[in-house]
Each structure stands twice: as structure tokens, then as C-alpha cells.
């Protein structure tokens, strides 16, 4: 006899994340199916990313071309991201995901056939990247919003963190395997595995028990839902400013395919195996950051901003690292800081969003975080081509640092805080403290 609907659910008494263990979400059967199906396809996704970037670099010899490929994959999110959020709020998320996962898998199989046939050119890669990007417009908000329906609000932070650990663990395996596959049998096999790997999440979605989902109200269809979502975010600082910060970090800080290709080839004069190694080292830190976040209780917004500042600092240090060993040693720290920022920002937005608005909030987040790549990707590629990889990374890290500082000052002002610099013994040199009543009255 199969267990009842609540047999694998989290205990009803569990209402906060304070006492949650690292793997608490595995108590939920539907989440286990989601997690293990994603594990298989995530490895394929990372294999394809590495193989695709290296293939474009081989076909063109240009870091800017790699940037264009990345931009085309994320341009639809910038243009149509909010529409994907509306669909995720309005429709059955599981049915949406069955369709989007099938399209992304078929794109991988098509690229494999073109590569095996030895007719592939850079325009094929551009076109298929655009197809994947269009599917991702709906896939991303539906997949992220569905997590809360699978595990419920008490386990949401834990589940989001485990999903991030899952994705980044695949980043450990995928690039390493891709590096070996590319150098031994060619990129086509990496594309083939990626296409076939989507059978796993599709099977997992079909096996989930609908009766065990947390009931969630769907947004009714009516005019002006895009504007409604924008007004909702704009009226809530706890949603608006993390999204603004994610936009800057995503546009100027998450250009690792371009930077690592440029450093591997132009600075360290190495091959695809080294490129895969650097990606794997960064993923080690990302996995650690995600697992730490899975155990962590609720954090204030200042922690998210501090993580963004640390991420920017690590980018700047990496840009001036004089040797390959030091650059490689910094990659796990970059990954840890970046993942800590990403997980805390993501879960904060989900927890602070109304369920009927969650898809639109998450789509706006993804629109600025991922959709900024069509701007940042080509710009970073051009900087790397014209002035060198170090200048490109320095520029990206500097913009992220300024954005972190700017958002921190805005939030401090909203929260009635001011920056105090003290040289007295026993006091921190720099701290945020409550503003004097006279100051608040003067600025009211």
C-alpha cells in the first residue's frame, strides 16, 4: 500500500528554519524526485556549457563570440522574463516544466547531430542558444516557484539551498567530464549526453504525487498583470533593492564563461582541461556556500548585501592574481561568496512574496540577474579581447563593489542607520548605527 498524502511531508510542527538540518527537504518524496532528476540533467547542462563555450572559441578564436552566445541564451529573459512569471503564476507549473524541459533537451540533441555531422558552425550555436533562452523564460520562474509547492514554506530556504548545491555539485562533475570528453572524443558526445539527460527530470515530474503538493492559489487571469507585478515589487523595499543588486551582480559579475576562457587561453596559455578545472574549483566553493545556507536560519538583508560585497572583493583579487596557482586558489572563495549571495537573495525574495505574486517576483529577479547577460557578456568579451582578461575582470568586480556599497547606503538610510567611523579602542572601526532623532527629523 502506498503511503498517504502526508506520509513523506515535513512535520506540521515545523514552522521555522531554525532547527532544520542540512537535508531536511529529503523527507518529502516529491522533492526527492525533483532533486535526483535535476542532478542528472544538471551534469549534462554543465557539460554542454563547457563544450559549447569551447566549441565557439575554436570556431571563432574570439572571447566576444563566446559572449554573444551567452547573450543570445539570456536575451529572451531580458525581453520576455515577466511574461514567463505571469504564466508561472497563472498555470500548472508541472505541466509548464514538462514542456520546457523537453524543448531544452531537444536543443541539446540537435547540437549533437550537427556536431557529429561535422557541419556545425557558430550560427547554429547562436540559434540553438536562442531556443534554449526562450524555453528558459518560462522554465526558470515555474521551476523556482514550484519548490515552495513541493516542500511548503517551512522548508523553502532549505530546499532552495539544496537545489543550489545540486546545481553546483554538477558543476564539479560536468566541467571535469566535459574537459576529458572534448579532448578525447569531441564536443558532440557532451551535447548528446545533455540532450538525453532531460529524460530524468521529465520522468521525475511525471512520478510526483499531485496530492502532496502544498495548496497554492493561482493568480486569476486579468489585464495589467505585468504592471501589477512591477508595482508590487516597487512598493516593497525588501523586494526591490535585492533585485536591483542582483541586476548589477548578474550583469557585471556573473560572466565566468568569458573570463575563464580568456584567462585560460590568453593569460595562462592552457587548454580545455584547465578551463574545466577552474570551473570545478569555483563550484567547490559554491557547493560549500549552498550547504552552509541550507543549515542557516533567517538572515537580515544586510547579510545578503555583505555577501555581494565579499563576492566583488574576490573578483578584484582574482583579476590581479599574479600566478595560476593563486588564481586557482581564489576560485573556491569566489564560488562560496557568489553562492551565499545568490541563495540568501533568492530565498529572501520567495519568503517575502505573496504566493500569487511569487512567479512574477522571481521572473523579475531572473530577468535582471540572468537577463543582464546580453549587456554584460558582449561588453566583458570586448574588454577581454581589446585590453586583456585582467582588465575585463577588474571592470566587472569594480561595478559589483560600487553596486554593493550603493545598495547598502540606500538600505541604511531607509532603516534609519548611518555610517560611523570610530578610532576609539574597543569599538569597530566602521559600523552602521541608528541615526540621531534630530537627523531623522531634519530629513523627514
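The values are calculated or read from the model by the stated rules, or taken from the named source; none is laboratory data. On a predicted model such as this, the values are computed, not experimentally measured, just so you know. Glycine also receives a Cβ, built like all others from the backbone with ideal geometry; neighbour counts cover every protein chain displayed.
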- Among the residues of segment 243-273, write down those that are in contact with a helix residue (DSSP H, G or I) (Cβ under 9 Å, 6 or more places away or on another chain), without any contact (Cβ under 8 Å) to a residue 60 or more places away in the chain and more than 17 Å from residue 341 (Cβ to Cβ). 260, 264, 268, 270
- Cβ pairs under 6 Å, 6+ apart, first in segment 206-221 and surrounded by 14 or more Cβ atoms within 10 Å (Cβ to Cβ), second at pLDDT 85 or above and in a helix (DSSP H, G or I): 208/30; 208/33; 212/30; 213/149; 214/149; 216/149
- Query: Under the condition of being in contact (Cβ under 8 Å) with a residue 40 or more places away in the chain and outside any helix (DSSP H, G or I), which residue from segment 110-167 is nearest to the chain's Cα centre (by Cα)?
  - Reply: 152
- Message: Out of 79, 33, 59, I need the residue that is over 30 Å from residue 120 (Cβ atoms) and either at pLDDT 85 or above or out of contact with any strand residue (DSSP E or B) (no Cβ under 9 Å at 6 or more places or on another chain) (or both). Which one?
- Response: 33
- Matching entry among 336, 315, 278 (being buried (at least 19 other Cβ atoms within 10 Å of the Cβ), within 21 Å of the chain's Cα centre (by Cα) and more than 30 Å from residue 23 (Cα to Cα)): 315
- Message: Quick check on segment 354-375. Is at least one of its residues assigned to a helix (DSSP H, G or I), over 30 Å from residue 91 (Cα atoms) and without any contact (Cβ under 8 Å) to a residue 12 or more places away in the chain?
- Response: no
- Within segment 348-376, track down each residue that is more than 18 Å from residue 229 (Cα to Cα) and at pLDDT 80 or above. 375, 376
- Working only within segment 77-125, note down all residues that are under 13 Å from residue 366 (Cβ atoms) and buried (at least 24 other Cβ atoms within 10 Å of the Cβ). 77, 81, 84, 85, 88
- Item | In segment 184-233, residue modelled with the highest pLDDT [restricted to those that are under 28 Å from residue 51 (Cβ atoms) and outside any helix (DSSP H, G or I)] | 198
